[in-house]
Structures are given as structure tokens and as C-alpha cells.
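Asker: Encoded as C-alpha cells, here's the structure I'll be asking about.
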Amino acid sequence: MAQDLKYNRNIGIMAHIDAGKTTTSERILYYTGLTHKVGEVHDGAATMDWMAQEQERGITITSAATTTSWVYQGNKYKINLIDTPGHVDFTVEVERSLRILDGAIATFCAVGGVEPQSETVWHQADKYNVPRICYVNKMDRSGANFFEVVRQVEKVLGARPCPIQIPVGAEEKFKGVVDLIKMKAVIWPDDSVTAIYQEKEIPADLLDEAKEWRDKMLETIAEFDEVVMEKYFNDPSTITEEEIKTAVRKATLSMEINPMICGSSFKNKGVQTMLDAVCAFLPSPLDTDVIVGTDPHDFGKEIVRHPKSDEPLTALAFKIATDPYVGRLCFFRVYSGVLKAGSYVYNSRSGKKERIARIFQMHSNKQNPVEFISAGDIGAGVGFKDIRTGDTLCDESHQILLESIDFPDPVLGIAVEPKTEKDLDRLSVGLSKLAEEDPTFTVHTDEQSGQTVISGMGELHLEIIIDRLKREFKVECNQGRPQVSYREAITEAVEIREVYKKQTGGRGKFADIVVRLEPADSDFEGSLQFIDLVKGGNIPKEYIPSVQKGFQVAMKNGVLAGFPMSKLKVTLIDGSYHPVDSDQLSFEICAQLAFRKACVKAKPILLEPIMKIEVVTPEENMGDVIADLNKRRGQIEGMESSRAGARIVKAKVPLAETFGYVTALRTISSGRATSSMEFSNYAEVSNALAKVVLTEAGGKVDLL
């Protein structure tokens, strides 16, 4: 029914912006025969960058999926490929793609090396235990240095790089690679896309270096394979190609090493050898022995599935997209069983059945209808009513709940309104569809001003949303100035007794709690750290979760100006109840009242989002760049030289001070400096500034 899963690869390409992900994807599509013409990013013609905004800006905004195949050692491998964005504002696309991928190609620029967003996506892949190979792209560029990138992968990412290739030449003299496993040179005669590479003997001037790096490779992999280890110590020349490949694959799958290869996608060199490495070393769905989930009705009960088509259906919806022709598309990864067109699936989150009317295999934004998607494959479906990102789809008689996807909270908001009254409905429809697609984009109505506020991960994120409203939903918007998503916190411990009593004829309401509120422990990961110390049944066990829920709800609106409270430690010490009047709602309301009173006494403070910023600037502009960052309340964390002769300035700057920074930087450096920024942490706002923010927000300045 389905092809042997051993020959399936679900992979993604991840990297910092401008490392060449989409250019590499285009070459993969060409060499695997899926396209017959290479689309270039700079021409706005890339297959995988299909959105108008992507083509205009030359960046990837939304992750695009496609399916292709590659013949390696006589076997045909099916490759499901996802091209992910590099810009930090669209980090959600990387997050949800990595959640469902088996392996990834981490792409690095041979000149830029390990850049800020390279670190972010690397740690995201670590979080989801995704094995990866490293592809050092742009070897043809001035300043390219493969071995420096190897050093940075080890030093900056804390990984264990294992080069299985070294370059033949660099910059304009880059001709090909030395395959350290076969000990052959792979040379491309020219830069044309149709050039056929040739295997040759290693050039004499590279032979000693190749032997040295082969020895390093064997030494690294010997740790993970007994056969290789034994031969390495006795006679390394007896180690066969297959034994090396087996050892490299084993160590890659266990995430002990990262094989490193190189090339120049734009100059059409190195992509075919990269596809061979994908087939040889990255995992198939079968390499994940079991898929572990929980019972939707009993979270303590673990359920196991195997990646087989004859097991009950288990699939994860990882993305919702709106298509102008087919409507709402749900992208999913099938882990076990088979999902057939026209069949019903059970949604473990909503507890409802959904009908998937039609199923597609995706090629960028084109849908190819298929009858079914089986275990280990990625597809998309239409016809459903209520499926969200992160939902588990399964067989109703064999229910399972897979771990969902964590998304960061938005950090920036702007008020929007349609330019004409008649566009009001169209605006709300457009915003709700975009919010369905993107979990890091939220919409809410400001209670005080009545304005519609949209929030996202940064200026570019919201700019794209406004652009999409205009193009896809034909809504012209007026927008207010950006609003920063502040948070609140308390700085002191406060113990309080709160009694909630209400008598309204007949059964009343009663709850009594003694709680201590204090700042959460520094190593605590979540938002509410709740500790129950009630002894002797003074508060019945069934009411304790209601107290916790009350505090969770209350934390959404702090006491200073209604900003959410980021972290809080609550210890429930004691309390009492009434056998008739007490119920769960009473204890929930009592907790909310206790929160308001205690926080007022606990010296509340205002926190603001801080961005980690990295500026690459020519030496002569460095003084002006640093002066500008200082003016923006920035803290300079370090300066270093880049290999291209420029200087790298690393700093932390409050988000409120970064609006329009890209334009200002262009002015300072005559367009020669570049910057990238990502969210770092929340930090306390100075008292004077907090008063200004609270006055603008209509908050309680007197509490500071």
C-alpha cells in the first residue's frame, strides 16, 4: 500500500536569514526532477517562496512543504522537504516544522558562520531532538572559510561537528569537495545548473590535509562503533566505506555528532552530494521506534504507537493555512495508521469528530490530490471545522493525545481600524483567519479604548499581516503606533487571609484561604508556581485546583495597569470551607480577590521585553552605532571582528527603543550595516519610565 518507510526522509532546511535556505531548496527541486527551471530568490521566482510578500522582499515568511525523490545507491528515496524562514519574527514557522520533522539540514553561510538566528533554530532543533547535518553554503563568496565555520559550530553551538567533506578551493576558486569517506575529489566543471560532476583523484596539494581530516573523522566516529574502533586502533586502512557510513549514521541519529559538508547552492555545486548525505545519514520514520502519547481522559496513562500503516491512526496537525481556492488547509504529519480522503477523524483536544473531505500532497502552494496519506508521511487536508495548530487527530476507538507545540507570547502590538466602515466585517474575518494560521499572532479589543489591537513577534511580522489584509482580504487599514507588551511582577512576599462570603437567600457562597504570594523561584520555567500545604482536609482536595485556577485567571490582569503577570509563586497555607455554601466557583473567586489585595502590598513592578541585537558594521561606523545603541538604553555586551573585516556589536536593547531601528542604522552607516534581533528576556523598567507608561495606560502610578 505504501512504500518502504526505510526510504522516507522528512527533512527541513533551517538557518539564519540569508544563509541560502530557499536557494538550496530550489536546487534540490531541480536536481530531483521536480522542477525543470531553477527559480532564483533575487528574481522573485523561487518555487518555495510563493507568497507575493516573499517574492518582493526576497525572504521566506511561511514554511513551504513539497515532496520529491532522489536515487541513492540504487534505491529511490522519498523526501518530504520543508523550507523554513530565517527571520526571527517568523520563528513559529520553524518551531512547528521541527516538531514534526525527523531530520534537518542546518545551513550556514561560509562567510557569516554561526549567526544569531542560527543559534535560535539550533536550540529549537535540540528541544525536539531533531538529528541534523550541517551544510556550509556560499563557499564561492569572498571570505568563505569552511574550517572557521566548523570551529564556530563547536564553540558557539556546543555541538560536535564531524566534517565528512572538505572543500577543493574557496571563494572564486571553489571547484568541488573531497569526500573523506571515499577519499575521492568531486569536481564540478563549471557553474551551470546542468554541469555533471566528476569523481577524480584528490589533488596532490590537498592530499595531506584530506588524510588529516579523514583521520579526525575516524577518531570521532570510532567512539560510537565497536567495529570501527577496533580497526582504527589495529589498522585504519581496513575500515570499509560501508562501516564508516554505518558509524556516522548511528552517531548522527543519537545526536552525538553533526556531519559537516559544504558547497555553493547558487553556483550549483554540492547539492547532489548533500542529497546523498540526507539519504545516508538522516533518520527515516522507522528510526523513531515508538511514538509516545497520553490518554486524553487520563494524562498519567502513557500510550505507545509504532510507525506502521496497520496501527491505529495517529496524526498531528502542525499548521493551518488559508488558500483562496480550496479554503482552510490543515497540514499534518501521520505518525501511524492511514488517513484516507473522506474519512472521519477524532480530535483529542476538542473531543469531536471531524471529516477530512479531500487530501493533498503539497508542492509549495499547489495541491496534488491523493487518496490517502500513510504513516511517516506529510500531507494536507480540507473540509474540517475546528482543527487548530498542535491538535492530535486519531481513531475514535483508539484515542491518543500527542505533545502539542509551545509557542512564544507576542511582544509587540498595534491598534488597527479599517479605513471605511463597510470594511469592518471583512477586517474581523481576515484577522480571525490569520490568527488561526499563526499562533504567535493574537487579536484583542482594548477594554479602555475599544480599539482592535493586533500583537505579534516584531515590526516585520505585523507589517506582513497588514500587507496580507490588504492583498488577500482587500481591507485597507489605519494603524496606531506600536504598543509594547509589558508585564507585571511582585518583588516582596506577602501573606494574606481572604474570606469570600455571599448570602443571597437560599444557598450562599463561602470560601476562606490563607496564601503567601512571592516572586517565583529563579529556576522555575512556567508562569504560576503553585504549592499546596493545606493539612487535615481544612480545604477539601476537590477545591484546591479551583484556587490554582483562580490565580491563573487573575494573573492575566495585573494590579498596576492590567498587564499580565509573568511569574508568581503562590503557597496555599490554610483555609476553611462551609459544608453547604462552599463550591469550586467560590474558591476560584476567593483566589482572585486574594491576588488583587496581596499584589498591591507586594511592591509590584513593571517589566519590559528586552531584545538581543547583533549589528555587523564597517569599522568606521562603529562609534556611531554604539552611541546610537546607548541612546536607546542599550547595554553593549561585546564587540568582535568578523572575518570579512567588519565589526560585530552585540547588545541588549529594550523593545520600546527599537522601533524604526533598521532605518536609523541605514542612515548611520550609509546602508552598509546590517542588524538582527530576537527576544531575550523581560527586565524591570526604571521608576521614572514606569510612571510614564502607567500614565499613558491609565494605570495606578501610586502603587510604584
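Rule-based calculations on the coordinates, nothing more; no lab input. Every value quoted in this text rests on a predicted model; they were computed, and no experiment measured them. Note that each Cβ is placed from the backbone with ideal geometry, even for glycine, and that neighbours are counted across all protein chains shown.
Asker: Kirkwood hydrodynamic radius, the stretch 205-302, all distinct C-alpha pairs: what's the number in Å?
Answerer: Across the stretch 205-302, the inverse of the average 1/r is 16.1 Å.
Asker: Quote the convex hull volume per residue of the chain, based on C-alpha atoms, as a whole number of Å³. Can you show the working numbers first?
Answerer: Working: hull volume 138.2 nm³, N = 704.
Looking at the chain, the number lands at 196 Å³ per residue.
Asker: When the dipole is taken about the Cα centre of the stretch 181-270, and only Lys, Arg (+1) and Asp, Glu (-1) are charged at their Cβ, what size is it in debye, to the nearest 20?
Answerer: My answer is approximately 400 debye.
Asker: A follow-up question, please. Long-range amide H contacts for Y77: which residues qualify at under 5 Å (H placed 1.01 Å from N, peptide plane, sequence gap of 5 or more or a different chain)?
Answerer: Long-range HN contacts for Y77: W70, V71, Y72.
Asker: Out of residues 5 or more away from T84 or on other chains, whose amide H comes under 5 Å of its own, with H placed 1.01 Å from N in the peptide plane?
Answerer: Those qualifying (amide H under 5 Å, at least 5 residues apart or on another chain) are I13.
Asker: A follow-up question, please. Quick one: Karplus J couplings for the stretch 228-241, per residue in order, coefficients 6.51, -1.76, 1.60, θ = phi - 60°, nearest Hz, x for Gly and Pro?
Answerer: 5, 4, 4, 5, 4, 7, 8, 7, x, 5, 8, 6, 8, 4
Asker: Tell me the mean residue ellipticity at 222 nm calculated for the chain from its helices only (DSSP H runs of n ≥ 4, each -39500 (n - 2.57), averaged over every residue, nearest 500).
Answerer: -8000 deg cm²/dmol
Asker: What whole-number distance in Å separates the alpha-carbon centres of the stretch 632-693 and the stretch 276-353?
Answerer: Taking the Cα centre of each part, the stretch 632-693 and the stretch 276-353 sit 41 Å apart.
Asker: Can I ask one more? With the calculation restricted to Cα positions, what are the radius of gyration and Dmax of the stretch 431-584 in angstrom?
Answerer: 21.0, 63
Asker: While we're on this one: Looking at the stretch 486-629, send over the antiparallel percent of its DSSP beta bridges, to the nearest 5.
Answerer: On the way: 20 of 26 bridges.
In the stretch 486-629, approximately 75 percent of DSSP beta bridges are antiparallel ones.
Asker: From the residues V580, P189, Q73, which one has its Cα farthest along the dipole of the chain in the positive direction, the dipole being from +1 and -1 charges on Cβ of Lys/Arg and Asp/Glu about the Cα centre?
Answerer: Value: V580.
Asker: Dipole of the chain (Lys/Arg Cβ +1, Asp/Glu Cβ -1, origin at the Cα centre): which of A110, I513, Y344 lies farthest to the positive side?
Answerer: In the chain, that residue is I513.
Asker: Rounded if a/c is under 1.5, else prolate if a/b is larger than b/c, else oblate: which is the stretch 363-500, with a ≥ b ≥ c the root eigenvalues of its Cα gyration tensor?
Answerer: Details: a/c = 2.30, a/b = 1.20, b/c = 1.92.
Oblate shape, in that a/c is at least 1.5 and b/c is the bigger or equal ratio.
Asker: Beyond 27 Å between alpha-carbons counts as too far, so tell me which of K319/K366; K603/K631; K127/K385; K76/K200 fall in that bin. Show your work: numbers first, answer last.
Answerer: Working: K319/K366 16 Å; K603/K631 29 Å; K127/K385 31 Å; K76/K200 25 Å.
Long pairs (Cα-Cα over 27 Å): K603/K631; K127/K385.
Asker: If you take the C-alpha gyration tensor of the stretch 496-546, multiply each eigenvalue by 5 and take the square root, what semi-axes do you get, largest first, in whole Å?
Answerer: Output for the stretch 496-546: semi-axes of 28, 13, 10 Å.
Asker: Go ahead and run the numbers for FRET between D386 and K340, Cβ-Cβ distance against an R0 of 22 Å, rounding to 0.05.
Answerer: Values: r = 20 Å, r/R0 = 0.92.
Once the sixth-power term is evaluated, E becomes 0.65.
Asker: Given charges of +1 on the Cβ of Lys and Arg and -1 on the Cβ of Asp and Glu, with all other atoms neutral, how large is the dipole of the stretch 281-358 about its Cα centre, in debye to the nearest 20?
Answerer: 460 debye
Asker: For the stretch 583-600, take each phi angle, set θ = phi - 60°, evaluate the Karplus expression 6.51 cos²θ - 1.76 cosθ + 1.60, and give the result in whole Hz per residue in order, putting x for glycine and proline.
Answerer: Couplings: 8, 5, 4, 4, 5, 5, 5, 4, 5, 5, 5, 4, 4, 4, 5, 5, 5, 4 Hz.
Asker: Apply the Karplus parameterisation 6.51 cos²θ - 1.76 cosθ + 1.60, with θ equal to phi minus 60°, to every residue of the stretch 12-23 and state each ³J(HN,Hα) to the nearest whole Hz, in sequence, with x for glycine and proline.
Answerer: x, 10, 10, 5, 5, 4, 6, 8, x, 4, 5, 4
Asker: Here's another thing I want to ask about it. Determine the sum of side-chain charges near V494: Lys and Arg each +1, Asp and Glu each -1, restricted to other residues whose C-beta is under 15 angstrom from that of V494.
Answerer: On the way: positive: R497, R516, K569, R596, K597, K601, K603; negative: E488, E492, E495, E498, E518.
Once all neighbours under 15 Å are counted, the net charge is +2.
Asker: Computed FRET efficiency, Cβ-Cβ of T445 and F659, R0 22 Å: what is it to the nearest 0.05?
Answerer: 0.45
Asker: So how strong a dipole does the chain carry about its Cα centre when Lys and Arg Cβ are +1 and Asp and Glu Cβ are -1, to the nearest 20 debye?
Answerer: Roughly 1560 debye for the chain.
Asker: Okay, next question. Hey, can you grab everything whose amide H is under 5 Å from the amide H of E396? Only 5+ residues off in sequence or another chain; H modelled, so Pro and N-termini drop out.
Answerer: Y346
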